[in-house]
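The values are calculated or read from the model by the stated rules, or taken from the named source; none is laboratory data. Bear in mind the structure is a predicted one, so any value in this text is a computation, not a measurement. Only protein heavy atoms, including side chains, enter the accessible area calculation; ligands, DNA and RNA are left aside. Shrake-Rupley method; radii C 1.70, N 1.55, O 1.52, S 1.80 Å.
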Amino acid sequence: QVRLVESGGGLAQPGGSLNLSCTASGDDITPYAMGWYRQPPGKEREVVVLSWSAGIINYADSVKGRFTIYRENMNSTVYMQMGNLRPDNKTVYYCRARSVHYGYWGQGTRVTVSS
């Protein structure tokens with residue numbers, strides 16, 4: 001069982017930045033695909049970025065060049081730097097750990113983008 005705890009959400013101005021963190025406990029995250037997802041109101045949860053255990057990273061087109069994921073396996077933590085934020089980035093962001101057999105979600109952290 002992996003427990004994921006996100007932090008770092010909050011209020012940012014358009015064009016501003018936020019840094020989200022996801023700290024895992026219960027298992028070594030090294031073999032897990034770690035990702036950030038978001039769920040806009042009235043929509044399905046969607047992937048923002050995935051960091052595969054082999055080192056491959058996949059970003060959603062809408063965040064390429066603005067968001068960056070990096071992981072510190074030794075500290076069981078995954079970060080997502082969010083830059084040049086836009087009002088449509090406002091939503092709850094969730095961390096996910098996925099192995100071949102299991103998947104785990106964090107409780108989410110809310111990001112608000114407003115002037």
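Would you mind giving the three semi-axes, in whole Å and largest first, of the ellipsoid equivalent to region 1-69 according to its Cα gyration tensor?
The answer is 22, 15, 13 Å, longest axis first.
In whole angstrom, how far apart do the alpha carbon centroids of region 74-92 and region 48-63 sit?
So the separation of the two Cα centres works out to 13 Å.
Tell me, in nm to one decimal, what length is gained between residue 5 and residue 56 on full extension, where the rule is 0.36 nm per residue of separation less the Cα-Cα distance?
Computed gain between residue 5 and residue 56 is 16.1 nm.
Got a sec to turn the phi values of region 62-78 into Karplus ³J(HN,Hα) couplings, 6.51 cos²θ - 1.76 cosθ + 1.60 with θ = phi - 60°, whole Hz, x for Gly and Pro?
5, 10, 4, x, 10, 10, 9, 9, 8, 10, 10, 4, 4, 9, 6, 10, 10
For the chain, state the semi-axes of the equivalent ellipsoid (square roots of 5 times the eigenvalues of the alpha-carbon gyration tensor), sorted largest first and rounded to whole angstrom.
23, 14, 13
Could you go through region 10-22 in sequence order and give the Karplus-derived ³J(HN,Hα) for each residue, using 6.51 cos²θ - 1.76 cosθ + 1.60 with θ = phi - 60°, rounded to whole Hz, and x for Gly and Pro?
Each residue of region 10-22 in turn: x, 9, 9, 7, x, x, x, 9, 9, 10, 9, 10, 9 Hz.
In terms of modelled amide H atoms, which long-range or inter-chain residues lie less than 5 Å from the amide H of residue 12?
Counting only residues 5 or more places away or on other chains, the set is 112, 113, 114.
Using a 1.4 Å probe on the protein heavy atoms, what percent of the accessible area of region 1-113 belongs to carbon and sulfur?
Taking all protein chains in place, region 1-113 shows 48 percent carbon and sulfur surface.
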